[in-house]
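The values are calculated or read from the model by the stated rules, or taken from the named source; none is laboratory data. All values derive from a computational prediction rather than experimental measurement. We place every Cβ from the backbone using ideal geometry, glycine too, and count neighbours over all the protein chains shown. In case anyone asks, the SASA skips ligands and DNA or RNA and just uses the protein heavy atoms, side chains included. Shrake-Rupley method; radii C 1.70, N 1.55, O 1.52, S 1.80 Å.
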Amino acid sequence: MDIVQTFYDNMASEYDKLFSDWEASSGEQGLMLHTLFVSEGFDKSAGILDCACGIGTQSISLAKHGYNVTASDVSEGELKRARDRAEKDNVNIAFACADFRNLADIFDTKFDIIIAMDNALPHMLTEADLEKALGSITDRLLQGGIFVASIRDYDELLFVQPVYSPPYIHKTDNGQRVCFQTWEWKEENYKLTQYIIDDGDTLQISKYDCEYRATRRSEITKMLKDKGCSKVEWLFPKDTGFYQPIVVARK
């Protein structure tokens, strides 16, 4: 996952610029997940692993809700930002650097809930890597536990194969910020370049490169069932208010 580590390590200091208000978005996502967990029969005694925590967008908010949260990521740069934010917000989270294809190498305990939000699974660029990741994740779930993940709607995007994402335009104290991505497709994989343009007192442009595999929901569903999940359900933005489809799989 060198390309993924490099992408997030390099972008760590600017990742929150992708949000118009990171604090507000973190709070909204934590509330959405809390509501989902309650609907699945869990309370705040549930042990949670956020195995793709990034800068802590979901894990910090869930800790504020009172959950016992462990958080891991492959990027040391993003983990540092997450630790700093958790300390600033006075929440207790156990952080670790871990590749979610090999969670048992880092965690000898199992969890009631494991999450991997914000399109983390499609960083697996081959079917074999995705299968290894889902095997690793379900292995660290307690029986009766759930795995919750979100991905882009690739079932739709694969028909269109867009060459860019619509820009996000945020007002700033000094002007505006424009964030967008360009996509270069090669069959079901695509190379992504993330642009962040700060148009304020001075013009600042940043760009970061990564790669994804457009993973269909049916592929994830089948793999999760093959790994022992008895129930796999997809929730859509109209159901949750979240911007990506979400899978909920019960072991």
Might you let me know whether segment 181-195 holds any residue that is at pLDDT 95 or above, under 18 Å from the mean Cα position of the chain (by Cα) and more than 24 Å from D73 (Cβ to Cβ)?
no
Report the residue count in segment 157-196 for those that are open to solvent by 40 Å² or more (accessible area, probe 1.4 Å) and either basic (K, R) or more than 27 Å from P245 (Cα to Cα) (or both).
8
When D199 is run through (1) in contact (Cβ under 8 Å) with a residue 24 or more places away in the chain; (2) under 24 Å from E28 (Cβ atoms); (3) in contact with a Ser or Thr (Cβ under 9 Å, 6 or more places away or on another chain), the failure sits at (2)
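I'm trying to understand the selection: among the residues of segment 185-208, which are within 15 Å of P122 (Cα to Cα) and either part of a strand (DSSP E or B) or among the hydroxyl-bearing types (S, T, Y) (or both)?
If the condition is that a residue be within 15 Å of P122 (Cα to Cα) and either part of a strand (DSSP E or B) or among the hydroxyl-bearing types (S, T, Y) (or both), then W185, K186, N189, Y190, K191, L192 are the ones that fit.
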Scan segment 10-20 for residues that are of a type in the set (S, T, Y) and surrounded by 18 or more Cβ atoms within 10 Å (Cβ to Cβ) and jot them down.
Y15
Can you tell me which residue is nearest to K110 (Cα to Cα) among those in segment 209-251 that are assigned to a helix (DSSP H, G or I) and open to solvent by less than 70 Å² (accessible area, probe 1.4 Å)?
L224
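Could you list, in sequence order, all residues of segment 197-208 that are open to solvent by 50 Å² or more (accessible area, probe 1.4 Å) and of a type in the set (S, T, N, Q)?
T202, Q204 - these are the residues of segment 197-208 that are open to solvent by 50 Å² or more (accessible area, probe 1.4 Å) and of a type in the set (S, T, N, Q).
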Give just the number: which of (1) over 16 Å from W22 (Cβ atoms); (2) touching a Lys or Arg at 6+ places or on another chain (Cβ under 7 Å) does I60 not satisfy?
(1)
The lone condition V148 fails out of (1) in contact with a strand residue (DSSP E or B) (Cβ under 7 Å, 6 or more places away or on another chain); (2) surrounded by fewer than 13 Cβ atoms within 10 Å (Cβ to Cβ); (3) in contact (Cβ under 8 Å) with a residue 40 or more places away in the chain; (4) not charged (D, E, K, R) is (2)
For segment 68-100, which positions are closer than 16 Å to D9 by Cβ, over 15 Å from the mean Cα position of the chain (by Cα) and of a type in the set (D, E)?
E76, D84
Select from segment 116-137 the residues that are charged (D, E, K, R) and in a helix (DSSP H, G or I) and write down the one among them that is least open to solvent (accessible area, probe 1.4 Å).
D129
Report the residue count in segment 138-156 for those that are within 29 Å of G241 (Cβ to Cβ), more than 14 Å from the chain's Cα centre (by Cα) and outside any loop (DSSP other than H, G, I, E, B).
9
